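K.L.:
For reference, the structure I am asking about is given below.
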Amino acid sequence: MTNSLKLSLDPELCQGHARCFALAPEVFRLDAQGHGEVRSESVPEALQAKALRAVRACPERAIKTTGGDGA
Ligand code: SF4
């Protein structure tokens, strides 16, 4: 059974490095101030590995995950 990966991004922690967007633009976008936003809380399975790379690359640890294969 597949456990779908969910993301939440803490805008208080995000400092706008945009690494999440650079690594996984299908999953993240940037707001007008250049801060990261999650496009859709639930990540399709095909994008999970990419999304997790972006989560790990966030220098502020601003993106939290629940579920997913590695959780
Ligand atoms: S990588 Fe982290 S700090 Fe940078 S925009 Fe994304 S969530 Fe914000």
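The values are calculated or read from the model by the stated rules, or taken from the named source; none is laboratory data. Computed from a predicted model, the values in this text were never measured in an experiment. We place every Cβ from the backbone using ideal geometry, glycine too, and count neighbours over all the protein chains shown. Protein only, heavy atoms only, side chains kept; ligands, DNA and RNA dropped before computing areas. Shrake-Rupley method; radii C 1.70, N 1.55, O 1.52, S 1.80 Å.
K.L.:
Looking only at residues in the range 61-71 that are within 15 Å of the ligand (Cβ to nearest atom) and either part of a helix (DSSP H, G or I) or β-branched (Val, Ile, Thr) (or both), which one is nearest to the chain's Cα centre (by Cα)?
P.N.:
63
K.L.:
While we're looking at this one, here's another question. For the range 4-40, how many residues are more than 6 Å from the ligand (Cβ to nearest atom) and under 9 Å from the mean Cα position of the chain (by Cα)?
P.N.:
Residues flagged as more than 6 Å from the ligand (Cβ to nearest atom) and under 9 Å from the mean Cα position of the chain (by Cα) within the range 4-40 amount to 10.
K.L.:
Moving on to the next point. How many residues does the range 2-21 hold that are more than 19 Å from residue 42 (Cα to Cα) and either modelled with pLDDT of 95 or more or aliphatic (A, V, I, L, M) (or both)?
P.N.:
The qualifying residues number 7.
K.L.:
Working only within the range 41-60, note down all residues that are part of a helix (DSSP H, G or I) and farther than 17 Å from residue 19 by Cβ.
P.N.:
Those that are part of a helix (DSSP H, G or I) and farther than 17 Å from residue 19 by Cβ: 45, 46, 48.
K.L.:
Further, regarding this structure: For the range 24-71, give me each residue that is at positive phi and open to solvent by 50 Å² or more (accessible area, probe 1.4 Å).
P.N.:
Once the filter is applied, which keeps residues that are at positive phi and open to solvent by 50 Å² or more (accessible area, probe 1.4 Å), the range 24-71 yields only 61.
K.L.:
Considering the range 9-36 alone, what residues qualify as being more than 14 Å from residue 60 (Cβ to Cβ), in contact (Cβ under 8 Å) with a residue 12 or more places away in the chain and acidic (Asp, Glu)?
P.N.:
Result: 26, single match.
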